[in-house]
Amino acid sequence: MPRETATLAILFADIAKSTHLYETLGNATAQHLIGACLSRMADVTKKHKGVVIKTIGDEIMSTFPSATDAIAAGKEMHQSIEQMTLPDQPAFSPPNIYVGIQIGSVVKEEGDVFGDAVNVAARMVALAKQRQILTTEETINALSADLRESAHCIDRTTIKGKSGEVNIYEIIWEQHDVTVMLDGSLEALAIRSRLELSFAGSTMDVDIDRPSATLGRQAHNDIVVNDNRVSRSHARIEYRRGKFVLIDQSSNGTFVLIQGKKSIQIKRDETPLLGNGVIGLGRDVTLDSDMAVHFSIKF
């Protein structure tokens, strides 16, 4: 069969910590769950005009006619897996996945695809954390302006076969999209702002270089709060042109105490963070509470 070249978006999706699933659930149940996850991801691929190239163990590889289709499929794969349940273990949380995407020219041969885009997509999924979709600037440039707003540059790295460093982008799929406008005279000051988060002795910054942080019960989060009222992926903080927004994604809501004033609760909603204060995941907290996540905006 002759070789054929085409421009396609390549998507790899891996099930996170599959070995742990076998240890926790046993071989038969884990194998059934992984198979069900792959089946769901295959259905999502076909829904978004894609073709499943192959599945290997706990990984699926698909191609799509456009970057837009691949991004939509990656988002829905995360959402679909998150909704899964085990009938005999209703309290069991479904696994997370990693997703890597790249668009480019590929060679199609005997039902498989080869080329630089395949290699880069494989590198993206290897770099991804749980519940992430990673891609490069080439894919972002192939998206419409409104879809590009959901992408944040989070890192630069070298990739085998490509010269120089490559910008790595995360596609945000767990947020409510809100545009915050800045007065031009304040923009230079605001762009230098950073939000410092601290909890249980660890500290991290959210700023223009690291524009988001996740908070929740599972280990994939940037801030991990191990409490039965906290959801797996409870909330996230977004940097938006010098402003910081707290977005709740939880079952029990998020409480915010800003600069000592009366705390507010948000649930499946968002609120700006100002000055300094504390965040409570699933429960109201005070400044000296062990469960309080402290934040402070600095310039």
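We did not get these values from a lab; they are worked out from the coordinates using the rules stated. No experiment lies behind these values; they were computed from the predicted model shown. Because the Cβ atoms are built from the backbone with ideal geometry, glycine has one as well, and the counts that use them run over all protein chains shown.
When only alpha carbons are used to place a centre, region 202-221 and region 147-172 end up 18 Å from one another. Within the listed set Gln102, Gln31, Gln83, the Gaussian network model of the chain (springs between alpha-carbon atoms below 10 Å) gives the highest mean-square fluctuation for Gln83. Among Lys243/Lys267; Lys17/Lys54; Lys46/Lys75; Lys46/Lys160; Lys17/Lys108, which pairs are too far apart, with a Cα-Cα distance over 26 Å? Pairs exceeding 26 Å: Lys46/Lys160; Lys17/Lys108. Of the peptides 111-122, 14-25, the order by per-residue mean of other Cβ atoms within 10 Å, starting with the highest, comes out as 111-122, 14-25. The slack in the chain from Met84 to Asp43, taken as 0.36 nm per residue of separation less the alpha-carbon distance, amounts to 13.4 nm. Note on Phe92 and Gln259: the model spin-label points, each 7 Å out from Cα along the C-beta direction, lie 5.0 nm apart.
Comparing Tyr169, Phe295, Asn96 along the charge dipole axis of the chain, the residue lying farthest to the positive side is Phe295, per the Cβ-charge model. Here region 1-133 is assigned +1 on the Cβ of each Lys and Arg and -1 on the Cβ of each Asp and Glu. Its dipole about the Cα centre then comes out at about 280 debye. Put a dot 7 Å past the Cα of Asp227, heading toward its Cβ, do the same for Lys160, and the two dots end up 4.5 nm apart. The Glu149 and Val51 beta-carbon pair, evaluated with R₀ = 35 Å, returns a calculated FRET efficiency of approximately 0.80.
Length gained on full extension, His32 to Ala200: 56.7 nm, using 0.36 nm per residue less the C-alpha separation.
Which of the trypsin sites (Lys or Arg not before Pro) across region 239-276 are loop residues per DSSP, with 16 or fewer other Cβ within 10 Å? Of the trypsin sites (Lys or Arg not before Pro), the ones in loops of region 239-276 whose Cβ has at most 16 other Cβ atoms within 10 Å are Arg241, Lys261, Lys262, Lys267, Arg268. A straight chain from Tyr22 to Ala6 at 0.36 nm per residue would run longer than the Cα-Cα distance by 1.9 nm.
Calculated [222 nm] ellipticity per residue, helices only, for the chain: -7500 deg cm²/dmol; basis is -39500 (n - 2.57) per DSSP H run with n ≥ 4, divided by all residues, nearest 500. Considering only Ser62, His48, Thr5, and ranking their Cα positions along the charge dipole of the chain that arises from unit charges at the beta-carbon of Lys, Arg, Asp and Glu, the one farthest toward the positive end is His48. Taking the Cα centre of the chain as reference, the dipole from Cβ charges on Lys and Arg (+1) and Asp and Glu (-1) amounts to some 280 debye. For Lys162, list the aspartates and glutamates whose Cα falls under 18 Å from its own Cα; do not include residues on the same chain fewer than 8 positions away. Output for Lys162: Asp116, Glu137, Glu138. Based on alpha-carbon atoms, the Kirkwood radius and the radius of gyration of region 195-292 give Rg/Rh equal to 0.92. Note that region 1-79, at 10 °C in a medium of 1.306 mPa s, gets a Stokes-Einstein diffusion coefficient of 119 µm²/s from its Kirkwood radius over C-alpha pairs.
Percent of Cα pairs in region 34-122 per distance bin of 10 Å, from zero to the largest separation: 16, 49, 26, 8, 1. In the chain, the ratio of gyration radius to Kirkwood radius, Rg to Rh, stands at 1.00 when only Cα atoms are counted. Along its principal axes, region 252-299 has C-alpha extents of 32, 23, 16 angstrom, given from the largest down. Note: relative contact order over the chain, using C-alpha pairs below 8 Å and six or more positions apart, is 12 percent.
Couplings for region 103-115, taken from phi via the Karplus curve 6.51 cos²θ - 1.76 cosθ + 1.60 with θ = phi - 60°, read 9, x, 6, 9, 9, 9, 8, 6, x, 10, 10, 9, x Hz in order; Gly and Pro are left as x.
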